[in-house]
Structures are given as C-alpha cells and as structure tokens.
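Data block below; observations after.
The values are calculated or read from the model by the stated rules, or taken from the named source; none is laboratory data. Note that the structure is a prediction, hence the values are computed from the model and not measured. Glycine gets a Cβ as well: all are built from the backbone with ideal geometry, and neighbour counts include every protein chain shown. These area figures cover heavy atoms from the full protein model, side chains too; ligands, DNA and RNA do not enter into them. Shrake-Rupley method; radii C 1.70, N 1.55, O 1.52, S 1.80 Å.
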Amino acid sequence: MKNVAISCSLLFLLFFGQANAQTYAENGMVVSDHVIASQVGVDILKKGGNAIDAAIATAFALEVTHPEAGNIGGGGFIVFLKANGEVTTFDFREKAPLAASPTMFLGENGKIKDNSNHKGLLAVGVPGTVAGLYQAHQKYGKLPWADLVKPSVELAENGFMMSWGLYNAAVNVTDQDPSEDIMINYFKGANGEIVKPGETWKQPALAKTLKEIQKHGRDGFYKGWVAQEIEDYMKAKGGIITKADLEKYEAVERKPLKGTFNGYDIYSMPPPSSGGVALIEMMNLMEEANISEIEFNSTAYVHLVAEAMRRAFADRAKHLGDPDFNPDMPVDRLLSKDFAKMRYENIDLTKASISDPSKFGHPYDGSSTTHFSVVDKEGNAISLTYTLENSYGVKMGSDKLGFIFNNEMGDFNPVPGETTTGGQIGTDPNMIAPEKRMLSSMTPVIVAKDGKPYLVIGSPGGRTIINTVFQTVLNVLAYDMRVDRAIEAMKIHHQWLPDRILYERNLLSPDTRDALIKMGHTLTPTTNIGVLMGITFDASKKLYTGAADSSSEDGGARGY
Ligand code: GLY
C-alpha cells in the first residue's frame, strides 16, 4: 500500500480544523465535504471496489456525516468517465409530485405565498438519490450493494465524533425555527442537548432506514415501510408526495455534454442541469478570447468573465429546463464554437452590457449542495454533485426515518411569466408540471486528456456553482494553476439578473474594482464563493493530486 497523503490524525483534523494542502495518491482518491466519508470511499477502493462503488459508499456516508447536503432525501447528478475513455451520466434529479401545478405556490395576489416554494412540505421534490445510486450500481458496480451501504449503517448506528463545524451548524439550525420539526431533535443526544464537539453523535432512526436500503436496494426507499412512512408524514404535515410518486420515480442514464478547450475534452451534465451547457458556452467564449493572454484577476479578465457569465445565464433563463418536457432546446447551437464567436464579437471590451429582464435570468438558488470527486486505480473517474437545495433542505423529516427532505421545488420558476430585475425567472421551459424535473445549476465536471481523467471537479452554491466551476476549470486549463490554488483563487459571480458582479472580498484589488465600476459594472462583495472538491491526474508521474476547498469545515481528500 502506497499512501503518500500529507495527513495528520483524523481525530485532530476533525476537532481542530482541516489542514488545507494538496493530498497525493497513486492508486485512488476521494475528495469530499467530510473526511470520514472520503475515507469510507477509499476503504471501498482498497477492497477492490471501483470508482462507482466508492462514490456510492461516499454518498451514503455523507448522508450521515454531512447532513446539510449529503442526502437520501434529495437528488443529483453523476458524471462517469470510464477507464476506456467512454463517458456517461446519471440524472437522479428530484421530480415534481403528481399533484403539482404551475401556480401551486401562488397566493390570491399572484405572488409567492409565504415563501412556500422553499418552506414547508409542498417544497419537497420526489427524492432521486437512492434510485440514482442504485441504477449506477446495477450497471457499473463491482462490489455487492450491501457492502457499500454497510459503512454508513455503522456510522449512523455507532456514531461518529461531532466536529466544531457540524456543531456550529447544529446550534444555528436548531435555533432557527421551531416549526421545522425534525431539526429540533435531530442533533440532540439522550440527554436532550445538542451533542457537543468531541462527543459521539448517533442516528438510530437513520441507521434503520439505511438498513432497509442496504437489504432491499432501490425498493428499500421507494416501497415498503419507508415509502409508507414518507406518505404518512407528508399527509400529516401538509405535503403532497404519495407512494405513487415514489413508486414511479426513475433515475435516467443520459449522454454527457462534451466541449473542448485548447485540446482538452470537457464532460458535464446535460439538462435538467443548466451547468454543463453554461460551462461549455463560457469555455468556448474564453477560447475565442484567448483568455490565457489576459492577466488573471485584471480588469480585463473580470470584465470578460462577467460578460460571458451574463450571456450564459440569460441563455439558461430563456431556453433550459427538463429535456423530457422541452424536446426542442437549442443545446447544440449554444455549445457550438460559431455561437461563441458570435457572442465574443458582441462583447464591448470597454464597457459593461446591461441585463434587461424584458429580453431576458430566479434569484438565489439554495447553496446546500455538496460535491465529491473519486478516481480509482484503473482510471475510472466520478464527479458527483447532489443536493437538498437549501442548507438542511426543508429542515423537516420524520423522526422515524431520520433523514431530511429537500426543498428543491424552489428551483422551478415560481411565477409563470414573471421575470424580474431581482433575478426571478418566469420562462416556460422551467415551469412546474407533474413529474417534471426542476432546472439545476449543479455542474459536476470531468476534464479528460487522451481519454484519461485530467481534472475532476464540482461545487455547491446554487446558481454560483456554474461560475465557480467554470473559473476553476479555467484556472487549471488556461492559467496552469495547481488544483488547490485553482480552488482558492478569487472568484466572481454574475447571473444576468440581478445585474451585478459578486466578488470575493479581499481578493480583488481596489484599483480593479474602481476600473470595473467606471466601465459600468455594479460590484457587491461576498465572503466566499463555492466549496470545491477537486482531483487532478499527472499522467507522466501517474499521480493523483486532490484538494478540498478551505471553506469546507470538515472536508478533505483521502487516497492510497
Ligand atoms: N439546488 C441547487 C441546484 O440544483 O442548482
């Protein structure tokens, strides 16, 4: 065994914080939002599992250790680069329930009623995670399903050490709103107090649910007593998801989107994700602009990148939604190099354009999503992003089941026809309909060189995901940054509407900000954009290098 990871003891890291550095491995690696989940994945690789097996085990472990976004009550996407160079994807995005309708969140005044598209059980989409993981396993897994769920059953049953990061989140979320029932008890131990940092946090109800999934696979969630309890809970608390919704839910294997940038192949998720389309659109435009000739972080760089973002997000608003409901989306055109050329020519390099809602962008999608990246010794790679939408989703769930439901219905366009300067989008492609998947910004990416993984990356962050991943890919491919630096480097975000550039405070010079304002941009500081988890592969050294974003409280890379 060749473990060349730079590491301290796991216990030290969890208790005192994460050392942020690169981690190296020759055989396989997992980088996730929780080091215990990363280790679970690596243990599966060591037992002879492939990247798919490790990803499944990591995904279940994040449900236990990173419940803010790790989930069985939400949905997500997998991009899978096989060792033979072929690429596929799995779409396990949540769906609108059968009883959903385009105006279900509106009051008599035609406005969103009481934030109901994000709050309360009406906001829950039919979960897809267990179906997606199971389908991926059926097709490509090597180890038995039960072996992949087992570590998570044990983690939930025997507990794991509460970290400061999780404890701080537990205190915040428990205090927030007593009506959000599961969260009142969720983090509490037998003494009725929130489990303290350094103490063991056990989740017996979740362990029982996971055992059912371990034993029965997909059916352990979508049929039987778990499905019955989901229906009963929904009925009792004002939700509309039924056993029929659960039984009908199917994950879908989809063809990936492919783009190129200076000789690299970029693979990402097709709709219902908007991430792949926007990413490739923006990379094409950067290639057209010969971006590596423009100094990183300069005024010209921020202007061009922001203008590319503005255009990609306007296209997203106008055209994108669930492909099963929108068969005519112009995806090929948006991804073409000719389109990028035309787009580049209509950018004024001296002045900001204006985002016009009457021409054509939903304000702030939730940020609680999580991404992890996996590689194995055969050269298989997985880029997996999954989500509950907001942090801890709808903050509700049955005490008998022990997991939290998503509030993903908030990713649909909530008010038909109403697109506002604040960023609410009202276009048709992403309008609510029964069994439709809501548009997502999740952007799991694999960049390949000669059929081998070169960069595996992704991030949470609602709509900022697309731009976070875009700039990190650009940092590696155009600016030759090593993965940890590409992750930490200054990021901006522009989403067409509202018409402003969000930038990471303290990472953009005052002179550059002044110059951008003179060009007509509006700038708004924010503390942090993105929580990236990335792996690069150096083919000459046959070495994987992984890094977790320093903004992840408990995240980390593990390899062997
Ligand atoms: N819930 C965030 C996304 O799917 O974009």
request  = State which residue pairs qualify: first residue within 11 Å of Leu133 (Cβ to Cβ) and inside region 40-64, second residue open to solvent by 10 Å² or more (accessible area, probe 1.4 Å) and among the acidic types (Asp, Glu) in any location, beta carbons under 9 Å apart, and separation of 6 or more residues or different chains.
outcome  = Asp53/Asp147; Ala57/Asp43; Ala57/Asp147
key: Entirely in region 378-474, the strands (runs of 3 or more DSSP E) that have 3 or more residues that are out of contact with any Asp or Glu (no Cβ under 9 Å at 6 or more places or on another chain)   = 381-389, 452-457
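Yes/no matrix, rows are residues, columns are (1) more than 23 Å from Ala236 (Cα to Cα); (2) over 26 Å from the mean Cα position of the chain (by Cα):
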| residue | (1), (2) |
| --- | --- |
| Leu155 | yes, no |
| Asn158 | yes, yes |
| Asn168 | yes, no |
| Asn172 | yes, no |
| Asp177 | no, no |
| Met183 | no, no |
| Ala190 | yes, yes |
| Lys196 | yes, yes |
Residue check, Leu508 out of contact with any Asp or Glu (no Cβ under 9 Å at 6 or more places or on another chain), on the phi < 0 side of the Ramachandran plot and assigned to a strand (DSSP E or B) = no
inquiry  = Given the condition of a type in the set (Lys, Arg), more than 20 Å from the chain's Cα centre (by Cα) and at negative phi, answer yes or no: does some residue in region 86-108 qualify?
reply    = no
remark   = Picking from Phe405, Phe372, the residue that is under 21 Å from the mean Cα position of the chain (by Cα), of a type in the set (A, V, I, L, M, F, W, C) and either farther than 24 Å from Gly74 by Cα or more than 14 Å from the ligand (Cβ to nearest atom) (or both) would be Phe372
remark   = Expected single match for touching a helix residue (DSSP H, G or I) at 6+ places or on another chain (Cβ under 6 Å), open to solvent by less than 10 Å² (accessible area, probe 1.4 Å), within 16 Å of the ligand (Cβ to nearest atom) and modelled with pLDDT of 95 or more among Asn467, Asn475 is Asn467
remark   = Being closer than 21 Å to Pro460 by Cα and either open to solvent by 30 Å² or more (accessible area, probe 1.4 Å) or in contact with a helix residue (DSSP H, G or I) (Cβ under 8 Å, 6 or more places away or on another chain) (or both) narrows Ile517, Ile535 down to just Ile535
message = Among the residues of region 414-433, what is the count of those that are more than 16 Å from the ligand (Cβ to nearest atom) and aliphatic (A, V, I, L, M)?
response = 3
task = Looking only at region 326-341, decide whether some residue is assigned to a helix (DSSP H, G or I), over 30 Å from Asn50 (Cα atoms) and either within 16 Å of the ligand (Cβ to nearest atom) or open to solvent by less than 10 Å² (accessible area, probe 1.4 Å) (or both).
result = yes
ask   = When only residues in region 434-452 that are more than 16 Å from the ligand (Cβ to nearest atom) and out of contact with any Ser or Thr (no Cβ under 8 Å at 6 or more places or on another chain) count, which is nearest to Glu389 (Cα to Cα)?
value = Glu435
key: Residues of region 375-402 classified as over 14 Å from the mean Cα position of the chain (by Cα) and under 30 Å from Thr545 (Cβ atoms), total   = 7
query = Listed residues Ile280, Ile240; which is away from the ligand (no atom under 16 Å from the Cβ), of a type in the set (Val, Ile, Thr) and in contact with a strand residue (DSSP E or B) (Cβ under 7 Å, 6 or more places away or on another chain)?
reply = Ile280
task = Restricting attention to region 70-99, report how many residues are within 18 Å of Gly410 (Cβ to Cβ), open to solvent by 10 Å² or more (accessible area, probe 1.4 Å) and more than 16 Å from the ligand (Cβ to nearest atom).
result = 1
